[in-house]
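Everything on this sheet refers to the single structure shown next.
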Amino acid sequence: MRVGTSLRSGYGVDDPREGARWMIERARASYEAGLDSLFVGDHHSTPVPYYQNTPMLGRLLAEWRGRPAGVLLLLPLWNPVLAAEQIATLAAIHDGRFVLQCALGGGESQFAAMGTELRVRPSRFEAALDIVRRLLAGETVDADGPYAVTGARISPRPPEPVDVWIGAAAPKAIDRAARLGDGFLVGPEATPAEVDELIATYRERCAAHGREPGTIAIRRDVHVGATTADAERVAGPVIAAGYRGFSPDAPVAGSATEVADAFAALGVLGGTDVIVRHLADDQREVLASIGHLAEVRSLLTG
């Protein structure tokens with residue numbers, strides 16, 4: 001079971017440089033802790049500072065060498081030629097494997113601000129992914145439908161193939177991940193019982209399409225304390241307050257041993273990777289939790 005991180009991108013700060021500095025510090029700490037992968041999320045038209053993924057990851061790659069890294073793109077919100085150019089440039093900057101995480105996205109206001117509608121998400125997603133992949137492969141692309149593209153090409157191209165992980169929860173979306181993805185990304189809201197069901201569905205749909213299951217990455221929102229009591233001190237009030245509307249069974253908090261056991265249990269369900277984000281707001285607590293993740297990873301790898 002590999003342990004990676006998806007850095008939080010939104011911070012309620014007065015000085016926008018402070019949130020950016022926190023992301024850099026978290027990436028550096030994650031690298032020093034030996035985590036296996038680094039990702040940055042995607043959201044648009046936000047009321048609080050939200051650091052956009054492609055320029056931010058370009059900066060963070062200075063802290064992250066050799067290990068897989070990537071961005072999440074809510075593909076229905078992106079022009080696919082622009083998306084392919086950004087992905088290829090980031091892949092050229094990085095000296096390791098590059099991963100595109102992608103999903104449909106949600107939120108009426110976000111879609112309206114970006115000039116599209118929720119109801120057309122599936123068709124835009126599939127059309128965009130097809131165009132992005134063809135461009136990354138070096139094709140000159142013409143397309144109609146959701147995206148009218150004529151004579152599109154990109155340069156530079158990625159120095160090696162880009163992996164595509166598709167986030168999904170609904171049955172049709174899981175089928176799409178099985179049909180089109182190199183990996184399947186389970187959201188942080190899923191309880192362990194739901195993770196079991198989602199992975200079983202993904203595996204069944206892979207078999208139906210004659211494909212082998214790829215990477216199965218499970219997002220978890222976590223806090224790792226020096227002890228059980230230390231973790232409860234930080235994470236207990238956050239979870240008890242109804243963190244993000246999640247079931248309290250979805251986040252993971254505890255000592256390094258307890259968190260390693262929880263991650264190992266996800267591995268038994270079929271997960272290959274856990275991608276963490278931190279429950280705490282306080283930068284010092286987050287950096288301490290990242291430090292303890294080094295022990296979690298060591299326990300998992302033996």
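The values are calculated or read from the model by the stated rules, or taken from the named source; none is laboratory data. In this text, all values refer to a predicted model and were calculated from it rather than measured experimentally. We place every Cβ from the backbone using ideal geometry, glycine too, and count neighbours over all the protein chains shown.
Odds and ends about this structure:
- Meets criteria (closer than 28 Å to residue 270 by Cβ, acidic (Asp, Glu) and out of contact with any strand residue (DSSP E or B) (no Cβ under 6 Å at 6 or more places or on another chain)) for residue 189: yes
- Residue match in the range 42-53 (condition: closer than 24 Å to residue 173 by Cα and of a type in the set (Val, Ile, Thr)): no
- Members of the range 32-48 found to be of a type outside the set (Gly, Ala, Ser), at pLDDT 95 or above and more than 18 Å from residue 115 (Cα to Cα), listed by number: 32, 35, 36, 38, 39, 40
- With respect to the conditions (1) touching a helix residue (DSSP H, G or I) at 6+ places or on another chain (Cβ under 6 Å); (2) more than 19 Å from residue 8 (Cβ to Cβ); (3) of a type in the set (D, E, K, R), residue 285 falls short on a single one, namely (2).
- For the range 184-207, filtering for residues that are crowded, with 21+ Cβ neighbours inside 10 Å and in contact (Cβ under 8 Å) with a residue 40 or more places away in the chain leaves 5.
- All conditions but one from (1) more than 29 Å from residue 19 (Cβ to Cβ); (2) surrounded by 18 or more Cβ atoms within 10 Å (Cβ to Cβ); (3) in contact with a Leu (Cβ under 9 Å, 6 or more places away or on another chain) apply to residue 130; the one that does not is (2).
- Tallying residues that are buried (at least 22 other Cβ atoms within 10 Å of the Cβ), of a type in the set (Gly, Ala, Ser) and over 21 Å from residue 238 (Cα atoms) within the range 248-278 yields 1.
- Given (1) more than 23 Å from residue 273 (Cα to Cα); (2) among the small types (Gly, Ala, Ser); (3) assigned to a helix (DSSP H, G or I), index of the condition residue 30 fails: (1)
- Search result, residues across the range 111-127 that are of a type outside the set (Lys, Arg), out of contact with any Gly (no Cβ under 7 Å at 6 or more places or on another chain) and crowded, with 18+ Cβ neighbours inside 10 Å: 111, 125
- Residue check for residue 235: farther than 19 Å from residue 292 by Cα and of a type in the set (A, V, I, L, M, F, W, C): no
- Residue among 250, 264 that is under 26 Å from residue 177 (Cβ atoms), touching an Asp or Glu at 6+ places or on another chain (Cβ under 7 Å) and modelled with pLDDT of 95 or more: 250
- Residues that are among the acidic types (Asp, Glu) number at least 3 in the following helices (runs of 4 or more DSSP H) confined to the range 186-302: 192-208.
- Looking only at residues of the range 190-244 that are of a type in the set (Gly, Ala, Ser) and either at pLDDT below 95 or more than 25 Å from residue 103 (Cα to Cα) (or both), we find that the one that is nearest to the chain's Cα centre (by Cα) is 235.
- Yes/no for residue 273 being under 15 Å from residue 169 (Cβ atoms) and touching a residue at least 24 places away in the same chain (Cβ under 8 Å): no
- Whichever residue in the range 158-183 is under 23 Å from residue 90 (Cβ atoms), crowded, with 17+ Cβ neighbours inside 10 Å and not hydrophobic (A, V, I, L, M, F, W, C) and, among such residues, is farthest from the chain's Cα centre (by Cα): 158
- Selection status of residue 163, modelled with pLDDT under 95 and among the acidic types (Asp, Glu): no
- First in the range 116-143 and of a type in the set (Phe, Trp, Tyr), second anywhere and modelled with pLDDT of 95 or more, Cβ under 6 Å, 6 or more apart: 125/75; 125/76; 125/104
- The range 161-177, residues that are out of contact with any Leu (no Cβ under 6 Å at 6 or more places or on another chain) and either hydrophobic (A, V, I, L, M, F, W, C) or not in a strand (DSSP E or B) (or both): 161, 166, 168, 169, 170, 171, 172, 173, 174, 175, 176, 177
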